[in-house]
1. Among the trypsin sites (Lys or Arg not before Pro) in region 87-183, which ones are in a DSSP loop with at most 10 other Cβ atoms within 10 Å of the Cβ? Mind listing them?
2. How big is the gap, in Å, between the Cα center of region 16-76 and the Cα center of region 156-207?
3. Assign unit charges at the C-beta atoms only (+1 for Lys and Arg, -1 for Asp and Glu), then state the dipole size of the chain relative to its Cα centre in Debye, rounded to the nearest 20.
4. Please report the antiparallel percentage of the DSSP beta bridges confined to the chain, to the nearest 5.
5. Semi-axes, largest first, in whole Å: what does sqrt of 5 times each Cα gyration tensor eigenvalue give for region 182-347?
6. Using alpha-carbon pairs under 8 Å, 6+ residues apart, how would you state the relative contact order of region 182-347 in percent?
7. What does the helix-only formula give at 222 nm for the chain: each DSSP H stretch with n ≥ 4 adding -39500 (n - 2.57), the total divided by the residues, and the result rounded to the nearest 500 deg cm²/dmol?
8. Tell me the relative contact order for region 66-188 as a rounded percent, counting alpha carbon contacts under 8 Å between residues six or more apart.
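Where a number appears in this text, it was derived from the coordinates with a stated rule and is not lab data. Just so it is clear, the model here is predicted, and its values are computed rather than measured. Every residue, glycine among them, receives a Cβ derived from its backbone with ideal geometry; neighbour counts consider all protein chains shown.
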Amino acid sequence: MKVFVTGTRGIPDIPGGVEKHCQELFPLIAAKGHDVLLCTRSCYITKRIDEWKGVKLINCFAPRRKSLEAIVHTFIALLKARWHSPDVVHIHAVGPSLLTPLARILGLTVVVTNHGPDYDRQKWGRAAKFVLRLGEKMGGLYANEVIVISTVIANIVRERCHRESNLIYNGVPLPEKSKGTDFLSAIGVEPDKYILSVVRFVPEKGLHDLIGAFKTMGGNCKLVIAGDADHETEYSKNLKQMADEDDRIIMTGYITGEPLNQVYSHARLFVLPSYHEGLPIALLEAMSYGLPALVSDIPANKEVGLPAERYFRCGDVGDLRGKMEVLLQKGLSAKEQKKIRGEIEEKYNWDRIAQQTIAVYRKTQKGSPR
C-alpha cells in the first residue's frame, strides 16, 4: 500500500507533538512493507534528506507564518499527492483537515487524524479559531476514515460530525534510562534534585503558572524547562524574562537524543501545567521513564488515569505549588516505577498503534459509506 502523509512539519527531530507522533509511527508502517511518502515543510528543514528510516521525504514550500504555513503547505502537498497516486492520503491535525474536501475532489482516499481541538489554543485569534473549527468539521464530514487519539476527541467528532471514529492512542517507546550525567553537569543540575517540564513556549502549556509557583518555593531543588517557541512571541519573551529572575530555573532550549534522555532519566518530578492537550506525549514519555508526574486536571490529562493526588486544578498556582512540595517529598518506589512503565508498554505500544493504523487504511480500500 502507498501512503502519502501531510499535516506535519516533518521528520526527524522537528519539535511538536504531531511531529513526534509521525516520527515514531511511519517508520514502523514502512518497515511492515508499505510505501510511505511524507511531505515536510521547507521552513523547518535545516538539512535536506530524501529518506529517513524507510520513509521517503518530499520537501514542500511553506511560509513561516503561523497563520498560513499549514494551509499553504497542505494545499501544495495535496497537489503532489495527486501526482504520486497513493492508495491513502493521511492528513494530520484539524488545521490541514480543512482541505479534506479538496483531496476528495482530486480523487484521493483520505484518512484524517484529529489530534485535538487546536482552536482551544490561546495563541489563536477569533478568525483562526473559526478556521480550525471548520477544519475539524471538514475532516470529520469528508474523510473516508477518522482517527482520534483520545475518547475526549472521539466524543467531539461524534457530536459535531455525527460519525464514529477509530480510537488509536498516541504511543511512546519504552526507553533505556541514561546513566550519563554530563549534560546535567553542563546545565548546572544534579540528579534527583530538579523538577522537569518538557513543553513548547505557548500560553496553553501553562508554563507561566509553573514558573510562578516554583519561584515562591524554597529549597535547593531546581526547575529544568526543556523546550522553546516555534515563533518568538511576547509570551515566550516574558517567560524567558521570568526565568532569568531566578537562577534556580534552567531553560535548555529544544533538546533531543542523549540530552533529553538524561533530563528524563534523573528528574525527581515531572510537571505539565497545560490548559489544552490532545493526548500529551511529553506526559507519556515521563511515565515511560517511571517518573512521578503532576499535571493539570484537564480532560486529556485525566484520560491517562493518574492517581488523584497527581492532578492539580488547572490555572490554580497555589494548588500547583502545594502539590509540587508534597510530591517532591514523596517520590516513587522502584515497584511503582516498574508498574507505570509496564502500563505504558501495554497501552501505548507503537507497534500495536502501527498495526491499528494500517487496519484503518485497509478499511478505506474495502469501500466507505463516505
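1. Lys179
2. 20 Å
3. On the way: 51 positive and 42 negative charges, 218 e Å.
The calculated dipole for the chain is roughly 1040 debye.
4. Details: 3 of 42 bridges.
If I count the DSSP bridges inside the chain, around 5 percent turn out antiparallel.
5. On the way: eigenvalues 97, 67, 53 Å².
Here the semi-axes work out to 22, 18, 16 Å.
6. Details: 258 pairs, mean separation 40.9, N = 166.
For region 182-347, the relative contact order is 25 percent.
7. Working: 14 runs with 156 residues, N = 370.
Only helices count here, giving -13000 deg cm²/dmol.
8. Values: 176 pairs, mean separation 25.4, N = 123.
Over region 66-188, the number comes to 21 percent.
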